[in-house]
Amino acid sequence: MTVSSVLKGTKPINGELSLRCFQDLQNGKKTIDTPENMVFCGPLKVPIVIESIPSESDSSIPSTSSNEQQPSENGHLEPPKKETAAQFSFLFLYEGTHKIRPVIGKSAIIGEPTLAEDEIFVPTITFNVITKVS
């Protein structure tokens, strides 16, 4: 799992990354948390540091070409970003459609900067688990 950041001019943010398993019946009702449907083979939470990108107005940090917009593989301009990676190993106990969503938790250190929930975009990954017996 890779966490990308496009934050400018802020201090690095310490936190913990974990995964949430749920089912979405898509009938207008709330999602159903189903953490019992998966088993982790390793840590449940991974400490992460979300680095910021130096702002253009910060004269103490020399400007580098990595902070400028670079064309991506498809030719579109993308904003500069910093990335942090974390690895999770897990398996599902039951058949069905399971959705996994990363959760960025707050740091245990008091006084550290944090992100509000509306400042984070987190995609959901769907797994369709079936058993084939031959």
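The values are calculated or read from the model by the stated rules, or taken from the named source; none is laboratory data. All of these numbers come straight from a predicted model, not from anything done at the bench. FYI the Cβ positions are ideal-geometry reconstructions off the backbone, even for glycines, and counts take in every protein chain you see.
When Ser89, Ser72 are checked against the criterion of being at pLDDT 65 or above and surrounded by fewer than 10 Cβ atoms within 10 Å (Cβ to Cβ), a single residue qualifies: Ser89. For region 15-33, taking the residues that are out of contact with any Ser or Thr (no Cβ under 6 Å at 6 or more places or on another chain) and part of a strand (DSSP E or B), the one that is nearest to Pro47 (Cα to Cα) is identified as Glu16.
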